[in-house]
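These notes concern the structure reproduced below.
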Amino acid sequence: MAKTSSQGKIGAVETAFEIVDTLESENTMGVSEVATELDLPKSTAHVYLKTLESEGYAINEDGRYRLSLRFLKHGGEARNRLKLYRAAKSHVDELANETGEAGNLGVEERGQRIIVYKSEVKNAIYDNTPTGEHTNLHWTALGKAILAHLPADRVDEVIDEHGLPKRTQNTITDRNELEVELNQIRERGYSFEKEERREGVTAIAVPIQDKDDPETVHSVSISGPTKRIKRGGTVRSDLIDAVKQTANVIELQYNHY
């Protein structure tokens, strides 16, 4: 029987997922590289990798391992079961086509922003953000739109757990400064990402709220080069209006259909 730690966690499962996360960060890795990265005996790393391979979750290419596309199936199934995704996908596509910028759909899970869907048109910025990417909420317009509309005690929980780490020189890292920003977002109904996650990129997001659960908040956004999102140093009002209209339509469909 697998050993369970005093925290109620199974060590072997933890190690397996650490290996999965390590493989995700690289194209391919050899047994020795995985062992060194995770401070495991080479024989132990080999057993884990062979097990992942035999279960269909890793591919062995001449002694170097990568994640298999079986993970794509699990992610796709999880996303398809989201009511938000089913309600929003076509509208995010329409938003991207209308604005010419990347359309993004985000949710909060375990105190982080998760990209559920991303729609990119021909001239939209491509920043290699994968579907399923998770980041700190305070880094992004999507995340701040969510944070601003969560109950205050939940916001405190998120910050206590994840902190306010810096991503760029524009990232908000002060709790009081963030609270001022969240108040402004609540007042105007939308958030900005002012090169806080990636320099040169600005985003506009609007929350999508669940009428039956105040702790369930999602968001939709567009993101693009700052020089296109802003005009004369100010975020373009037509883009703000487009995101607001899309959020309204998604929220209506999400809550009533």
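The values are calculated or read from the model by the stated rules, or taken from the named source; none is laboratory data. Note that the structure is a prediction, hence the values are computed from the model and not measured. Reconstructed Cβ throughout: ideal geometry from the backbone, glycine too, with neighbour counts over all protein chains shown. These accessible areas exclude ligands, DNA and RNA; they are computed on the full protein's heavy atoms, side chains included. Shrake-Rupley method; radii C 1.70, N 1.55, O 1.52, S 1.80 Å.
What order do you get for 137-143, 118-124 when each peptide is scored by the mean count of other beta carbon atoms within 10 Å, highest first? Could you put the intermediate results ahead of the total?
Values: 137-143: 27.4, 118-124: 16.0.
Highest-to-lowest ranking by the protection proxy: 137-143, 118-124.
Taking Cα atoms, how many degrees apart are the long axis of helix 42-54 and the longest axis of the chain, rounded to 10 and kept between 0 and 90?
70
Could you tell me which of the pairs Lys89/Lys122; Lys83/Lys118; Lys144/Lys166; Lys144/Lys244; Lys166/Lys244 are separated by over 21 angstrom between their Cα atoms in the structure shown?
Values: Lys89/Lys122 18 Å; Lys83/Lys118 16 Å; Lys144/Lys166 15 Å; Lys144/Lys244 15 Å; Lys166/Lys244 28 Å.
From Lys89/Lys122; Lys83/Lys118; Lys144/Lys166; Lys144/Lys244; Lys166/Lys244, over 21 Å: Lys166/Lys244.
Hey, any idea what % of the stretch 112-257's accessible area is carbon plus sulfur with a 1.4 Å probe? Can you show the working numbers first?
Values: 3010 of 7130 Å².
Carbon and sulfur: 42 percent of the exposed surface of the stretch 112-257.
Tell me the angle of helix 83-99 to the major Cα principal axis of the chain, expressed in degrees between 0 and 90 and rounded to the nearest ten.
For helix 83-99, the angle is close to 60 degrees.
Counting only heavy atoms of the protein chains, get the accessible area per residue of the stretch 1-146 (1.4 Å probe) and round it to a whole Å² value.
Details: 8320 Å² over 146 residues.
That works out to 57 Å² for each residue.
Just Glu18, Glu133, Glu193 to compare: in a GNM of the chain, with alpha carbon springs under 10 Å, which one fluctuates most?
Comparing Glu18, Glu133, Glu193 in a Gaussian network model of the chain, the most mobile one is Glu18.
In whole percent, how big is the carbon plus sulfur part of the accessible area of the stretch 1-89, probe 1.4 Å, protein atoms only?
Numbers: 3160 of 6070 Å².
Of all accessible area on the stretch 1-89, carbon and sulfur atoms account for 52 percent.
Looking only at Glu161, Glu94, Glu14, which one moves most when the chain is put into a Gaussian network model with springs between Cα atoms under 10 Å?
The residue with the greatest mean-square fluctuation here is Glu14.
Taking only Cα atoms, what is the 0 to 90° angle, nearest 10, from helix 152-162's long axis to the longest principal axis of the chain?
40
Take the alpha carbon atoms of the stretch 76-111, find their center, do the same for the stretch 146-202, and report the distance between the two centers in whole angstrom.
Computed from Cα coordinates, the inter-centre distance equals 21 Å.
Once every DSSP H run of n ≥ 4 in the chain is given -39500 (n - 2.57) and the sum is divided by its residues, what mean residue ellipticity at 222 nm do you get, rounded to the nearest 500 deg cm²/dmol?
Working: 10 runs with 119 residues, N = 257.
Calculated mean residue ellipticity at 222 nm is -14500 deg cm²/dmol.
If you bin every alpha carbon distance in the chain into 5 Å steps from zero, what whole percent lands in each bin?
The percentages, shortest bin first, are 1, 6, 12, 15, 15, 14, 13, 10, 8, 5, 2, 0, 0, 0.
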